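First comes the structure, then the notes that go with it.
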Amino acid sequence: MKNNIGLKAIDAAIAKVVENRRQFRSDIPPLPHFIVLLDRGNGQGKSTKRFAAAFKDARLRSFKGLDDYIKFTLDGTADNLNQVFADIKTHAVYTNDYEGIAAIDISEFVPLVMEEICGIMLKKARELGKHATLVFYLPQNDSRNRESLIARIRKTFMGNVKVIEPAKLSKYDLALICKERLNKYDIRIDAPEKALHILCELIEKEGIKTADDADVLGIRLCDLVEANNNAAPVLTISKIKSHFGCLAQSKGVKL
């Protein structure tokens, strides 16, 4: 799949399920649910779309509703929990139950893993999972509570859960994401051989930590390019330096 920076582990897990689609279509074994260890801002939306597109192409789910996938974030409160699952119910347009990909960020339940509300959440998720494929998003940073929550999810779904752990994004990965935004508009940096070095420095200088922030930085760089109808758009190093402050001129930058 294209644009899979930081998402290769997810693509591989999806591909493995699709490869075995014939056995999953018979429902023996049933199609698994997924726990993806991926922070907000690092591709949760893209990952959810990948699950939906691949499973639909492979006819692993019926996808009878208006939305092939839905994504929600739980904040750990009872009101939010009830509201989200009520909203999910409304997506079951032509059937009684939603039957697509239901992605839920449950990061806020990590510190609540032993609380009653966590059990209530898992009970609701189990009912949803009878007809939909669930993708749970949890933080990338390891913790005892996170592992306990993973164990509770496994138990809830009788072990029919696959855990996917994408590699954490490096400074180089973030620079590539930033560069993708420039490439989208055919913008090149006037010193191509130094482009990624310069972007790595900029990523570090601006304190960029997530894929979303790297993309926003790319948009900011696009805004620095002056319109020129007679030539391809070029972003000069001098323009970057004048806007963001002095950089190290790409010397000794480790990618």
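The values are calculated or read from the model by the stated rules, or taken from the named source; none is laboratory data. As the structure is a computational prediction, the values presented were derived from the model and not from experiment. No Cβ is skipped: glycine too gets one built from the backbone with ideal geometry, and neighbour counts run over all protein chains shown.
Take region 177-192 and flag every residue that is in contact (Cβ under 8 Å) with a residue 60 or more places away in the chain and aliphatic (A, V, I, L, M).
177
Can you name the residue in region 1-44 that is acidic (Asp, Glu) and more than 27 Å from residue 74 (Cβ to Cβ) and, of all such residues, is modelled with the lowest pLDDT?
Here the residue is 27.
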